[in-house]
Every structure is written in C-alpha cells, then in structure tokens.
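Values quoted throughout were computed directly from the atomic coordinates according to the rules given, and no laboratory measurement underlies them. If you're wondering where the values come from, they're calculated on a predicted model, not measured in any experiment. Glycine also receives a Cβ, built like all others from the backbone with ideal geometry; neighbour counts cover every protein chain displayed.
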Amino acid sequence: MVLPALARPSVLKPTQQALRSATTLAAGFPRVSKRLPTKYGGVYTVTLIPGDGIGAEITDSVKEIFEHVNAPIEWEQYDVSGETPGGEAVFKQALESLKRNRVGLKGILYTPIDSTGHNSWNVAMRQQLDIYASVVLCKSLPGFPTRHNNVDFAIIRENTEGEYSGLEHQSYPGVVESLKVSTRYKAERIIRFAFDFAQKNGRKVNR
C-alpha cells in the first residue's frame, strides 16, 4: 500500500475535514496534519511495514527491485505483526513514522478473530491517517496470457466507513452483529474522488 503524501482532495471544506469517523479504533491517536513527504539530501525516507504472510515474504524482493532501479529511497522499517502478542508499541511507532514521512509501503497485518485479540490494525491505520480511498488497478500485461484478455479497469472503494466502522460484537456464540455506519460527508467525498480519478485518467465511470 502506497501513501502518496496523504493529500486531501481540494473539494473538501475545512470544517468538513475536522469531522471524525464514527469508530473507536483510532481512539487515543492524534489526527495527522497535512505536509509534504520527508526528504533529506534528495533522498526520500519511506516507512516500510512488511506485515504478515505474503507481505513479509516479498519485502526483500521489493527492496531489491528499488535498489536496482536506483530509487532515491531510504527505508525506515518496522516489523509490525498482528500474529504476536505485545506488538502494539511497534505499531504505534510505525504509525508515527508514517505521519512523519508521509509516504510508506505496507503489507497486510493479521487480525485475530477471537474475542481476546486486538482490533484490526489495518483499519485503525486507515482511519487515523485518513486513507479513505482504496484504488485497485486491474490491467492485462503484454506477454502474460490469462483467462481474460484486454482487462483494464480501476476499483475505488471507501476505506474507513461501512463494514470498516469496527462496531461489532458477538451477541450469542456463533451470532455476530455488525453496525454498518455510512455518513453523507464521506460518501460524497469518495464519490468526488472516484469521478476526479476518472476524469484525470481518461476513464469511464460505471456505477
């Protein structure tokens, strides 16, 4: 996941930007302010969170590729893991690093499913840093035959509300209740983002 300066769209009003999401996942963390990525001597400092599973497996390959293309990047790596207990301190350090550097690369973090586990750090990170738009590009590559040909589309999804509100509980063994919270402000924001993305990239919009 790349965090390109975490910029807010210019269409938002300052009073709206101050609104907080209806969740408790980001409680205790100060909101991030807007500023440019951290850069020293022509080199960008980038937060790297390998994550769990496949993310941790491919991190070394990613670093090797960046080194071969001579990318002006210095990694600030945090080995956060949702699979081991006591990782909250490292998670907070990684979050502060992202706020400081304004750009990062992150693998998925494991979320415990039992009642004694912590809430999703993936969702908490999105909400605290206001990474509200998930942009997934699906495009066929020449020379790589696949089941479907000439694929070229983008999927844009709201990343902090709805099922990501984190308001859920088990009311009875085997029965889980989840409250899906959606606000007009954030619905309009993701809509504006999607149409702005389509216009700037010459794409059609399918609703």
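Under 12 Å between alpha carbons, and skipping anything fewer than 8 positions from Lys186 in its own chain: which aspartates and glutamates qualify?
Within the straight-line limit of under 12 Å, Lys186 reaches these aspartates and glutamates: Asp130, Glu158, Glu161.
Packing-wise, with mean Cβ within 10 Å as the measure, how do 128-138, 191-201 rank, highest first?
Top to bottom by mean Cβ count within 10 Å: 128-138, 191-201.
Dividing the alpha-carbon radius of gyration of the range 64-207 by 2.2 N^0.38 Å (N being the number of residues), what value is obtained?
Compared with the compact-globule rule of thumb, the range 64-207 sits at 1.30.
Sorting check: for 180-188, 144-152, which peptide has the highest mean count of neighbouring beta carbons within 10 Å, and how do the rest follow?
180-188, 144-152
Using per-residue counts of other Cβ atoms within 10 Å, averaged over each peptide, order 87-94, 167-174 from highest down.
Highest-to-lowest ranking by the protection proxy: 87-94, 167-174.
For the range 147-202 and the range 73-129, what is the centre-to-centre distance using only Cα atoms, to the nearest Å?
Their Cα centres are 20 Å away from one another.
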